[in-house]
Amino acid sequence: MGRRDRVPGRCSFRLGASIGLVGILLLAATVRAEDCGNGVALRLSAPAAAQGMLLLVQLRSEKPLSEVSGRWNDRDVPFWAESEKEHVPSRAYTRHALLGVDLEKAAGKYEFTATGKLQGGELVNCRATVEVKEGHFATENLTVKKQFVEPNPEQEARAAAETKRLREIYDRVTPERLWDGPFRAPLEGEFKGSNFGRRRVLNGHPGTPHGGVDFPAPTGTPVHAAQKGRVVLAEELFFSGNSVIVDHGLGIYTFYCHFSEIDTKAGDEVVAGTVLGKVGATGRVTGPHLHWGLTIERARVNALDVLRVLRIR
């Protein structure tokens with residue numbers, strides 16, 4: 001299969017049990033702070049991160065901040081403020097950002113930097129070291145249709161063109177924040193998501209890591225947008241079947257696939273809860289389910305993390 005599957009948001013089939021390391025490492029009470037001087041502190045939502053984990057960054061200042069930006073994984077990291085009127089006497093000025101640790105990022109120590117300017121003109125420079133740990137993802141052997149493991153030349157060309165298109169979509173960063181409030185799960189009810197990061201062997205051939213969360217559900221179950229945003233893709237893809245991508249702004253995208261039918265179109269503005277389509281078994285699957293993916297600045301991360309991380313303050 002090679003590099004075809006290494007596109008953020010690539011969908012695949014339903015798998016087995018979930019992993020626990022990401023949840024163990026993501027502890028709201030374990031917040032690490034770095035003193036940046038001039039009354040500014042940089043805080044991370046966890047002291048270390050497993051592969052595929054999402055971190056919340058907070059830059060707190062006693063004075064108004066402007067021109068705030070970050071750098072991580074050789075890409076710019078945009079910050080946002082919850083409100084233009086957020087400053088009250090008992091609360092510091094705060095900016096937020098999300099750091100995505102790609103599920104295949106090598107274990108080791110990496111530097112995150114943030115810069116900004118205080119009201120008096122003083123420059124702010126902050127640095128923090130993030131230790132990335134192995135995800136210890138399980139491996140599973142599965143059998144799928146031969147065309148999804150050994151595509152013919154026409155299918156190969158189609159998959160390559162779709163891969164290029166997806167990369168172009170995820171490379172674009174909408175400069176404003178489109179979402180508003182916490183993210184929600186894409187299915188209503190007691191459906192449970194799992195299997196992020198699993199290593200797959202397909203028809204005896206080593207595959208690439210599972211880049212999303214699978215929700216087994218009956219065909220026809222409504223799939224909802226996780227938050228406000230703009231639909232940038234709504235069509236059938238070779239591997240992913242009927243698929244939808246929503247741009248939430250600031251480099252954040254959610255990906256939904258294997259639909260039995262799509263109920264939206266590219267260009268639509270959606271809100272949290274908008275029905276995007278219905279669960280199905282199109283594309284490379286072993287049964288009906290929703291594959292839900294999340295990318296942050298091209299990093300493939302566990303979509304379930306966004307449900308927890310954006311509640312941490």
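The values are calculated or read from the model by the stated rules, or taken from the named source; none is laboratory data. Worth saying up front: this structure is predicted, and the values here are computed from it rather than measured. Heads up, the Cβs are rebuilt from the backbone with ideal geometry, glycines too, and the neighbour counts pull from every protein chain shown. Remember, those area values only see protein heavy atoms, side chains included, never the ligands or the DNA or RNA. Shrake-Rupley method; radii C 1.70, N 1.55, O 1.52, S 1.80 Å.
What is the set of long-range amide H partners of Ile296 at a cut-off below 5 Å, with H atoms built 1.01 Å from backbone N?
Val301
How far apart, in nm, are the 7 Å Cα→Cβ label points at Thr113 and Glu188?
If labels sit at Thr113 and Glu188, their model points lie 4.8 nm apart.
For every other residue with a beta carbon closer than 12 angstrom to the beta carbon of Leu178, add +1 if it is Lys or Arg and -1 if Asp or Glu, then tell me the sum.
-1
Return the long-range amide H neighbours of Ala217 (sequence gap of 5 or more, or a different chain), with a cut-off of under 5 Å between placed amide H atoms.
His289, Leu290
Run the accessible area of the stretch 211-313 with a 1.4 Å probe and give the carbon-and-sulfur part as a rounded percent.
The value for the stretch 211-313 is 53 percent carbon and sulfur by accessible area.
Would you tally the net charge around Glu168, using a Cβ to Cβ cut-off of less than 14 Å, leaving Glu168 out, and scoring K and R as +1, D and E as -1?
Once all neighbours under 14 Å are counted, the net charge is +2.
If you count, for each residue, the other Cβ atoms within 10 Å and average over each peptide, how do 297-308, 62-73, 278-289 line up from highest to lowest?
Descending packing order for the listed peptides: 297-308, 278-289, 62-73.
Add +1 for every Lys or Arg and -1 for every Asp or Glu among the other residues with Cβ under 14 Å from the Cβ of Lys133, and state the total.
-2
Which pairs in the list Lys133/Lys192; Lys192/Lys278; Lys192/Lys265; Lys145/Lys192 are over 18 Å apart, alpha-carbon to alpha-carbon?
Lys133/Lys192; Lys192/Lys265; Lys145/Lys192
Let me test this: with uniform point scatterers at the alpha carbons of the stretch 209-293, what is the Debye-based log₁₀ I(q)/I(0) at q = 0.13, 0.26 1/Å?
At q = 0.13, 0.26 Å⁻¹ the computed log10 ratios are -0.33, -1.32.
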